[in-house]
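J.: Before I ask anything, here is the structure I am working with.
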Protein chains: 2
Amino acid sequence: MTEIRVGLLGLGTIGTGVARILIEQQVLISRRLGKNVRLVAAADRDLSRDRGLDFSGVRLTDDANDVVTADDIDLVVELIGGYEPARTFVATALEHGKHAVTANKALIAKHGEELFPLAAEKGVAIGFEAAVGGGIPCLKALREGCAANAVQSVYGILNGTCNFILTKMENEGADYADVLKEAQELGYAEADPTFDVEGIDTSHKLSILAAMAFGSKIRFDEVFTEGISKITADDIESAAELGYRIKLLGIAKPHGTNGNVERVEMRVHPTLVPVHSQMAQVSDSYNAVQVSGDFVEHTMYFGRGAGERPTASAVVADIMDIARVCSSDGGPDEVKHLAPAMGFVESERRDLETLAVADIECEYYLRLMVQDQPGVIASVTSILADHRISLEAMSQKERSEANSVPVIMLTHETSEGNLQAAISRIVGLQAVEEDVLILRKESAVA
Amino acid sequence: MTEIRVGLLGLGTIGTGVARILIEQQVLISRRLGKNVRLVAAADRDLSRDRGLDFSGVRLTDDANDVVTADDIDLVVELIGGYEPARTFVATALEHGKHAVTANKALIAKHGEELFPLAAEKGVAIGFEAAVGGGIPCLKALREGCAANAVQSVYGILNGTCNFILTKMENEGADYADVLKEAQELGYAEADPTFDVEGIDTSHKLSILAAMAFGSKIRFDEVFTEGISKITADDIESAAELGYRIKLLGIAKPHGTNGNVERVEMRVHPTLVPVHSQMAQVSDSYNAVQVSGDFVEHTMYFGRGAGERPTASAVVADIMDIARVCSSDGGPDEVKHLAPAMGFVESERRDLETLAVADIECEYYLRLMVQDQPGVIASVTSILADHRISLEAMSQKERSEANSVPVIMLTHETSEGNLQAAISRIVGLQAVEEDVLILRKESAVA
C-alpha cells in the first residue's frame, strides 16, 4: 500500500493529539483512505516530557528545520502556533515541495495571502480546517458543501473561552471578572486572556471565513472587533427579559450590486440572538458556524471549537484529503483535484474592500446610565428620533442606592455612523453618563 | 476553460432547481471550480410545463435513454426518484462510463450495493449528498470531515414532514390527525403520507449514514422502524413536563470488541430528547445530523432537509466535486482522488450484522392505560422490578370522563427484549389495557 509521510512541528496539546490519531488510528485511516499515513518525524523543543505515546519508528528532533527540509517527508503539520517562527517553517516546507497542514488561525489570517501563491507555485496544498471551529468541518462545508451558492451571510461562535464565560455568566448570574477568574483557574482561559476575550481570535477566524465565502482576500486587520469584557450580568439578564441571549459572534456579509460582491462586511462583537434560535443554544465551549446561501438557505455546523482531540481530528482530515491526491508512482501530486484552499481558484479571488464601519447596518442594544429625573428619557428619545432611529423596546430599572439608573433600549436597524452620531449627542446631555454600552442584535440567525 | 457536460433526468421540483443553479450560477461555479459545468441535456416526460428557465442550448427530450447513453455527456443527474426506472437509468449511465449524481435515498438504500461496484468497475463516481439531509453537506462531513474518527454514534432528524408535524403538534397542542391534514393541505405531506410518517424515508437515510459511519454494507431492510402516527398531544405534553421533546430520530451505533465494529445498531422511532439539547431545537421542516467520534466528540449539521433549492445545492456540490477530478485532456478521470462514496475504500467495507432488535439497549417512555383503582401501579412496578427495569419517573394523570387513565413511566436503560417481556406481562394484568405506547429516550444527543 502506498503511503504519505508526515512530519510534525510541535508536540504540545494539538500536536500530541495528531500524533495520537496517526499512531492509534492507523488501521482505520488506511481503510478509509486506501493509503497509509505514516508519522515519520516530530519536532519539539521539549522532547523529555512523556506524551503517553509509543513513538517507535518516529524520528524525534528538537530542530524543526530538519523536518521542513527532510527528503523523506511529503507533508508538514505546523502546530506551533503564532506568527513566527510558524510562518518561516511553513514557507520553507512549501518551498521544499511539501504540503502543509496547520491549525494556526493567526498564521492564515495574517500570512495566508503570502502562503497561498507560494503553495500554488510549488504545486502543493495547504490545509487549515482546524484553524476555524476546531473539530467542526466547517471550512469544508462552506468551501465544498455550499459551493453552488452565493453566500449571503456567515455567523459564527468561534471562541470557546468567550462562549464558556458568557454561558457561565448567564447560568450563574455572575459578573464577568469573577467568571474570567474561575475560567483561568480551570484552564479554560489564558493568564492573559486579551486575545480571546477582546475578540482577536474570533477576528482571525472570521476573516478566513469571509474571504472563503465571498472570494475575497483575507483582510484580518479590517475586521471591526469588540470583545466581551464590558458585559455585565445585568446586561445578560436584560437581554433575556427581551427574549435574547448574548453571544460573541463573528459576522460576515457581502455587499454589492447585481449579484457581484464589491465590499465585505466583517464584524466581531457581543450580539443579541433570539433565545429560541439554534445559535442561542450553543453553550459552554462549543462553537458553531452558520452559513446561509441563496440556494441552500440556512445551514449550521456545530461542535468542539478547541481541545486536543477535536482539533487533531480536523488536522488529520486535512492530511487525508491531501493524501488522496498524492501520486503513488513518483509523478506529480494532483493538487488541482482538491477544492481550492480558499474556495475559489486563486486567480478568481478578488481584492475586495471592507465595508466601512460607519456603513454597517444593524439593530442595537443600548445601555445608558441616566439620572432618574423627569424628562431625561424624552430628551434621549427625541435625539434618536432626530436621527430616524426607532425603538423596538425600552426598559428602565429602578435602583435605589445609585444616583444613576440603567436604561436599556433596543433599536430597529440603523447605520453605525448614524447611531454613533446620535450617541455622541446623547452623552452630551447633562443627565446621561459618558459610558454607554453598545451591543448589537441579529435576528437572522437560524 | 475545460468543462464537464451534465445530463439531467427529471425536471420536477429538484430537477428544476438543479437546472436553475447550473444556468443562473454558471459564473460563480466556474470561479470556484476552475471549470465550467454545462447543462447539455434534460429529460422529462412533461416538457410542456413552463419552468421559468431559459433552456436555450439545452437539449430537451422526453426519452431518458437518450441522456444516459449520449456521447456528449460526462455526468448524469438522476432526479426521478423511486426504485425503477431510476435504477436502470443510473446503471446504464455508469455502464456507459458516465458519472452519476442522485438525490434518491430509496435508490441508494436499496440498490447502492449493486451500483457502487459497477461504478468502481467502470472508473466513475456516484454522488448522493442530497439523498440524506437535503441541502446539508452531512455526508461530506461524516465521510471526509470526520474521517479520522471511529464513529461512536449517528443521530438524525432526517424527515422534514415528520418534524413539521411534531413541531406543530407541540406548538399548538394539536393532535396528530389534525396536523397531518393541515400539512397535507399545505403541501408539506403527501396524500399518502405513509412513507414519511411511518419512518420509511428516515430508514432509507439512516441505513446510508450507518454504512458510511461504520464501514458496513447498507442494510435498509434491517432497520428497526416505527413512525409517529401513534403519538398524541398528551404524549408531547407529558414528555415536556419531564423535560423532553419528541423527535423522530434515526439512530445508529457500532457494537463490537477491541475497537472492531462487529454489529451495527440501526433504529428509527419517535425519541425523547432533552429539551435544552441542540437536537431539540431543530424545528419545523429542518433536519439535523449529529455525528460523534472518538476524537471529534459531538458534531452536528443542521439545515433544510428538502425543497427545490436546498436539495439542488447538494446535487450541484456533488457535481463540482466530481468535476474537479475529471480529466481535461481526454485521459481517464481520477476518481481515486475523490473520497470513496461510502467513506471506506470499497474492498474494506464489511458485511456486518445488524444488532438484533431484542438486544437494543435504551431508556423508555411508556404510556399505559390503566383502570384508576388501588394496587394497579404496584402490580405494574412489581413486574418491572422482576425484570430489573428501574424507573426514572412516573406520572399518573386524572381523567374524569374515562374509565382508564394514562400512566406515564420513564425507565432507566434496559434491553428491548427485556422490556417487551415485561410489557407482555403487564398487559396481562386485568386493570391494564392492551394498547401500550412505547417511545424511547436518548440523553446522549448534543
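The values are calculated or read from the model by the stated rules, or taken from the named source; none is laboratory data. Not measured: the values here are computed from a predicted model. Every residue, glycine as well, gets a Cβ built from its backbone with ideal geometry; the counts of neighbours run over all protein chains shown.
J.: Counting just the residues of segment A:1-15 that are among the hydrophobic types (A, V, I, L, M, F, W, C) and at pLDDT 95 or above, which one comes out farthest from A:ILE80 (Cα to Cα)?
T.: Residue satisfying both the conditions and the ranking: A:ILE4.
The rows are residues; the columns are (1) in a helix (DSSP H, G or I); (2) touching a Leu at 6+ places or on another chain (Cβ under 7 Å); (3) not assigned by TED's automatic domain parsing to the domain that holds A:ASN149.
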| site | (1), (2), (3) |
| --- | --- |
| A:ALA177 | yes, no, no |
| A:TYR188 | no, no, no |
| A:THR202 | yes, yes, no |
| A:LEU206 | yes, yes, no |
| A:ALA210 | yes, no, no |
| A:ALA240 | yes, no, no |
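J.: So, of the residues in segment A:280-314 that are in a helix (DSSP H, G or I) and small (Gly, Ala, Ser), which turns out to be nearest to the other protein chains (Cβ to nearest Cβ)?
T.: A:SER313
J.: In addition: Any chance you could count how many residues in segment A:285-302 are modelled with pLDDT of 95 or more and either closer than 20 Å to A:ALA183 by Cα or charged (D, E, K, R) (or both)?
T.: Number satisfying all stated conditions: 4.
J.: Taking segment A:136-159 only, how many residues are more than 22 Å from B:LEU142 (Cβ to Cβ), surrounded by 24 or more Cβ atoms within 10 Å (Cβ to Cβ) and not hydrophobic (A, V, I, L, M, F, W, C)?
T.: Count: 2.
J.: OK, next. Taking B:ASP329, is it in a loop (DSSP other than H, G, I, E, B), within 30 Å of B:VAL27 (Cα to Cα) and of a type in the set (D, E, K, R)?
T.: Working: in a loop (DSSP other than H, G, I, E, B): yes; within 30 Å of B:VAL27 (Cα to Cα): yes; of a type in the set (D, E, K, R): yes.
Judged against the criteria, B:ASP329 is a match.
J.: Next question, about the same structure. Could you please give the count of residues in segment A:218-238 that are in contact with a Lys or Arg (Cβ under 7 Å, 6 or more places away or on another chain) and either modelled with pLDDT under 95 or in a helix (DSSP H, G or I) (or both)?
T.: 2
J.: Can you find a residue in segment A:352-369 that is within 14 Å of chain B (Cβ to nearest Cβ) and not β-branched (Val, Ile, Thr)?
T.: Within segment A:352-369 (the criterion being within 14 Å of chain B (Cβ to nearest Cβ) and not β-branched (Val, Ile, Thr)), the answer is yes, since at least one residue qualifies.
J.: Let me ask something additional. Might you let me know whether segment A:341-349 holds any residue that is farther than 21 Å from A:PHE116 by Cα and within 26 Å of the chain's Cα centre (by Cα)?
T.: Within segment A:341-349, none of the residues are farther than 21 Å from A:PHE116 by Cα and within 26 Å of the chain's Cα centre (by Cα).
J.: Mind checking which residues of segment B:260-279 are of a type outside the set (Val, Ile, Thr), part of a strand (DSSP E or B) and modelled with pLDDT of 95 or more?
T.: Pass one, segment B:260-279, residues of a type outside the set (Val, Ile, Thr): B:260, B:262-263, B:265-267, B:269-270, B:272, B:274, B:276-279.
Now narrow it down to the ones that are part of a strand (DSSP E or B): B:260, B:262-263, B:265-267, B:269-270, B:272, B:274.
B:GLU262, B:ARG263, B:GLU265, B:MET266, B:ARG267, B:HIS269, B:PRO270, B:LEU272, B:PRO274 - these are the residues of segment B:260-279 that are of a type outside the set (Val, Ile, Thr), part of a strand (DSSP E or B) and modelled with pLDDT of 95 or more.
J.: Before we move on, is B:SER238 surrounded by 20 or more Cβ atoms within 10 Å (Cβ to Cβ), closer than 23 Å to A:ARG31 by Cα and not acidic (Asp, Glu)?
T.: In short, no.
J.: Does segment B:11-29 contain any residue that is closer than 16 Å to B:VAL316 by Cβ, among the charged types (D, E, K, R) and out of contact with any strand residue (DSSP E or B) (no Cβ under 6 Å at 6 or more places or on another chain)?
T.: yes
J.: Sticking with this one: Mind listing just one residue for me: the one in segment B:249-259 that is part of a strand (DSSP E or B) and of a type in the set (Gly, Ala, Ser) and, of those, nearest to the other protein chains (Cβ to nearest Cβ)? First the steps, then the outcome.
T.: Of all residues in segment B:249-259, those part of a strand (DSSP E or B) come to B:249-257.
Now drop any that are not of a type in the set (Gly, Ala, Ser), which leaves B:250, B:252, B:256.
Numbers: B:GLY250: 18, B:ALA252: 17, B:GLY256: 13 Å.
The residue in question is B:GLY256.
J.: Answer with yes or no whether B:ASP50 is more than 29 Å from the chain's Cα centre (by Cα) and closer than 18 Å to B:THR88 by Cα. Give the steps one after another, and end with the answer.
T.: On the way: more than 29 Å from the chain's Cα centre (by Cα): yes; closer than 18 Å to B:THR88 by Cα: no.
Judged against the criteria, B:ASP50 is not a match.
J.: Here's something else I'd like to know. Kindly indicate the residue of segment B:260-279 that is among the hydrophobic types (A, V, I, L, M, F, W, C) and within 11 Å of chain A (Cβ to nearest Cβ) and also surrounded by the most Cβ atoms within 10 Å (Cβ to Cβ) among those meeting that condition.
T.: First pass over segment B:260-279, keeping only residues among the hydrophobic types (A, V, I, L, M, F, W, C): B:261, B:264, B:266, B:268, B:272-273, B:275, B:279.
When the remaining residues are screened for being within 11 Å of chain A (Cβ to nearest Cβ), the result is B:261, B:275, B:279.
Values: B:VAL261: 19, B:VAL275: 13, B:MET279: 23.
Among residues in segment B:260-279 that are among the hydrophobic types (A, V, I, L, M, F, W, C) and within 11 Å of chain A (Cβ to nearest Cβ), the one surrounded by the most Cβ atoms within 10 Å (Cβ to Cβ) is B:MET279.
J.: Hey, among B:ALA119, B:ALA130, B:ALA147, B:ALA141, which residue is over 11 Å from the mean Cα position of the chain (by Cα), within 14 Å of chain A (Cβ to nearest Cβ), hydrophobic (A, V, I, L, M, F, W, C) and in a helix (DSSP H, G or I)?
T.: Within the list B:ALA119, B:ALA130, B:ALA147, B:ALA141, the selection yields B:ALA141.
J.: Moving to a separate point now. Please go through segment B:320-336 and pick out each residue that is more than 7 Å from chain A (Cβ to nearest Cβ) and without any contact (Cβ under 8 Å) to a residue 40 or more places away in the chain.
T.: If we filter segment B:320-336 for residues that are more than 7 Å from chain A (Cβ to nearest Cβ), which is where we start, we get B:322-323, B:326-333, B:335-336.
Selection gives B:SER327, B:ASP329, B:GLY330, B:GLY331, B:LYS336.
J.: Turning to a different aspect of this structure: Would you say B:ALA106 is hydrophobic (A, V, I, L, M, F, W, C), within 30 Å of A:ALA317 (Cα to Cα), more than 14 Å from every other protein chain (Cβ to nearest Cβ) and outside any helix (DSSP H, G or I)? I'd like the intermediate steps shown before the answer.
T.: On the way: hydrophobic (A, V, I, L, M, F, W, C): yes; within 30 Å of A:ALA317 (Cα to Cα): yes; more than 14 Å from every other protein chain (Cβ to nearest Cβ): yes; outside any helix (DSSP H, G or I): no.
Spelling it out, it is not the case that B:ALA106 is hydrophobic (A, V, I, L, M, F, W, C), within 30 Å of A:ALA317 (Cα to Cα), more than 14 Å from every other protein chain (Cβ to nearest Cβ) and outside any helix (DSSP H, G or I).
J.: Can you tell me which residues in segment A:44-57 are surrounded by fewer than 20 Cβ atoms within 10 Å (Cβ to Cβ) and either in contact with a Gly (Cβ under 8 Å, 6 or more places away or on another chain) or not assigned by TED's automatic domain parsing to the domain that holds A:LEU79 (or both)?
T.: Residues of segment A:44-57 that are surrounded by fewer than 20 Cβ atoms within 10 Å (Cβ to Cβ), as a first pass: A:45-57.
Residues satisfying the conditions do not exist here.
Results for (1) buried (at least 24 other Cβ atoms within 10 Å of the Cβ); (2) under 20 Å from A:CYS146 (Cβ atoms), shown as yes or no for each residue.
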| residue | (1), (2) |
| --- | --- |
| B:LEU9 | yes, no |
| B:GLU24 | no, yes |
| B:VAL27 | no, yes |
| B:ALA42 | yes, no |
| B:ARG59 | no, no |
| B:ASN65 | no, no |
| B:ALA70 | no, no |
| B:GLY82 | no, no |
| B:LEU107 | yes, no |
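J.: Give the residue that is nearest to A:ALA341 (Cα to Cα), with candidates limited to residues of segment A:150-174 that are of a type in the set (Val, Ile, Thr) and under 15 Å from the mean Cα position of the chain (by Cα).
T.: A:VAL154
J.: Only one of these is facing another protein chain (nearest Cβ under 8 Å), part of a helix (DSSP H, G or I) and under 24 Å from A:VAL77 (Cα atoms): A:ALA317, A:ALA339. Name it. Walk me through it before giving the result.
T.: Numbers: A:ALA339 fails: part of a helix (DSSP H, G or I).
Going through A:ALA317, A:ALA339 in turn, just one is facing another protein chain (nearest Cβ under 8 Å), part of a helix (DSSP H, G or I) and under 24 Å from A:VAL77 (Cα atoms): A:ALA317.
J.: Among the residues of segment B:160-167, is any touching a Phe, Trp or Tyr at 6+ places or on another chain (Cβ under 7 Å), within 14 Å of chain A (Cβ to nearest Cβ), assigned to a helix (DSSP H, G or I) and over 18 Å from B:ALA312 (Cα atoms)?
T.: Yes, segment B:160-167 contains at least one residue that is touching a Phe, Trp or Tyr at 6+ places or on another chain (Cβ under 7 Å), within 14 Å of chain A (Cβ to nearest Cβ), assigned to a helix (DSSP H, G or I) and over 18 Å from B:ALA312 (Cα atoms).
J.: In segment A:1-33, which residues are within 14 Å of another protein chain (Cβ to nearest Cβ) and either among the acidic types (Asp, Glu) or without any contact (Cβ under 8 Å) to a residue 40 or more places away in the chain (or both)?
T.: Hits for segment A:1-33 are A:MET1, A:ALA19, A:ILE23, A:GLU24, A:GLN26, A:VAL27, A:LEU28, A:SER30, A:ARG31.
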